[in-house]
Amino acid sequence: ETFKDAFKDKFYIGVAINRRQAMQKNEKEATLIKQQFNSISPENDLKWENIHPAPGIYNFNPADKYVKTGMESDMFIIGHTLVWHSQTPDWVFTDEHENLLTREQLLERMKSHIDAVVTRYKGKIKGWDVINEALNEDGSLRDSKWRNIIGDDYIEKAFEFAHAADPEAELYYNDYNLYKAEKRSGAIKIVNSLKDKGIPIKAVGEQGHYNLDRASLKDIEATIQDFIKAGVIVNFTELDISVLPEANADATADVANSETYKEELNPYTDGLPAEVENRLAQRYGSIFQLFVKYEKHIDRVTFWGLSDADSWLNNWPVRGRTNYPLPFNRDYTVKKEVTKAILDAAK
Ligand code: G3I
């Protein structure tokens, strides 16, 4: 039984794919993606720095391949992401003399980017992460060049431009750590303010970068319930569960080359111990049981990466770790217990 079949009456099961996978370079990967998933997200290729690297220069080729891959298998294709503080080149915010743009100029630039990208994939990309990660952990709006130059309404403007470019596309606000009540309250404010103005927002994406302990079931359930109350769907858009110790970026940079690195911060270079895999299975199982309980309010659950080999968590907060956050192993075999726990949740 496959993931997409097991959950087909409940929600889409998606996967974020990288450029190699979008290009279908490796047959094993291409087959697995088709068999197991009915939605895809582009891990990097639609981010501003990749698709629009220089003024007037669009690099559509990888994104075209990504969309083609999804269309071939009739998948629900996601666009990620239109406006983000990260992975956006500096030139976006300045003119040819390197002066900061005015509000009007930046709005114009945002609009032409959104028009170009959304229009190109109109009717094919079915849902857009319009705004990604606009919030601080305390729920206030993050300082970014977007916000500093345009003002707080850069968020609604981006939604308006996206809606105008493809009125049929679903529009989302996407962020991490929304399981924390404080941060979630900020997302609810964004939802309310868009709804007050009649701007369509279909769903909030809780990214779902979890680990074996962080994000209790209670907190995840409260997240779902609060977004239901706010009148939006809640999708889990970047699900993965790290099995490695949490580490702070500064500390890990110091120890990355030290003796203690392997023992303390990268303990499973020789394989994932069965005991840890069992904990991972239980964790995935209980999270999916929760998703199933609220399936009427969840349209999609997307894993952030196909196999452990692809996961960004091998390189965060320091490069060269060996993490095991996904249902598929580095050799594309399944983690048996994990997969069973997820599939059992569908029954
Ligand atoms: O492709 C280049 C390669 O040519 C170059 O040699 C290499 C050297 O650094 O970099 C490669 O690009 C990297 C890219 O991933 C592809 O591997 C970038 O440096 C690296 O910054 C980028 O990281 C991505 C990260 O977002 C930043 O955009 C991760 O793959 C991606 O998984 C991660 O995804 C984000 C979501 O978009 C938003 N939510 C959080 C999530 C995890 O951080």
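FYI, it's all coordinate maths here, none of it is from the lab. Please read these numbers as outputs of a predicted model, since none were measured by experiment. Note: ideal-geometry Cβ built from the backbone for every residue, glycine included; neighbour counts use all protein chains shown.
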Check your understanding: Among Phe236, Phe227, which is among the aromatic types (Phe, Trp, Tyr), closer than 21 Å to Asp175 by Cβ and in a helix (DSSP H, G or I)?
Key -> Phe227
**Study point:** Residues of the stretch 171-183 that turn out to be away from the ligand (no atom under 16 Å from the Cβ) and in contact with an Asp or Glu (Cβ under 6 Å, 6 or more places away or on another chain), as a count
**Key:** 1
Revision key, fill the gap. Over the stretch 292-311, the set of residues in contact with a strand residue (DSSP E or B) (Cβ under 8 Å, 6 or more places away or on another chain) and not hydroxyl-bearing (Ser, Thr, Tyr) is His297, Ile298, Asp299, Arg300, Val301, Phe303, Trp304, Gly305, Leu306, Asp308
Revision key, fill the gap. Scanning the stretch 194-227 for residues that are within 16 Å of the ligand (Cβ to nearest atom) and among the aliphatic types (A, V, I, L, M), the one farthest from Leu280 (Cα to Cα) turns out to be Ala203
Practice item. Kindly indicate whether any position in the stretch 192-204 is crowded, with 19+ Cβ neighbours inside 10 Å and among the charged types (D, E, K, R). Key: no
Point to revise | Whichever residue in the stretch 275-330 is part of a loop (DSSP other than H, G, I, E, B) and in contact with a Gly (Cβ under 7 Å, 6 or more places away or on another chain) and, among such residues, is farthest from the ligand (Cβ to nearest atom) | key: Leu326
Check your understanding: Mind checking which residues of the stretch 14-24 are surrounded by 24 or more Cβ atoms within 10 Å (Cβ to Cβ), among the aliphatic types (A, V, I, L, M) and over 16 Å from Lys47 (Cβ atoms)?
Key -> Val15
Practice item. Out of the residues in the stretch 311-330 that are without any contact (Cβ under 8 Å) to a residue 24 or more places away in the chain and more than 20 Å from the chain's Cα centre (by Cα), state the one that is surrounded by the most Cβ atoms within 10 Å (Cβ to Cβ). Key: Asn329
Point to revise | the stretch 172-201 residues that are free of Cβ contacts under 8 Å to residues at least 40 places away in the same chain, paired with ones that are among the aliphatic types (A, V, I, L, M) and part of a helix (DSSP H, G or I) (beta carbon under 9 Å, 6 or more apart) | key: Asn192/Ala230; Ser193/Ile155; Leu194/Ile155; Lys195/Ala230
Exercise for review: Take the residues in the stretch 32-83 that are more than 12 Å from the ligand (Cβ to nearest atom) and of a type in the set (Phe, Trp, Tyr), then tell me which one is surrounded by the fewest Cβ atoms within 10 Å (Cβ to Cβ).
Suggested key: Tyr58
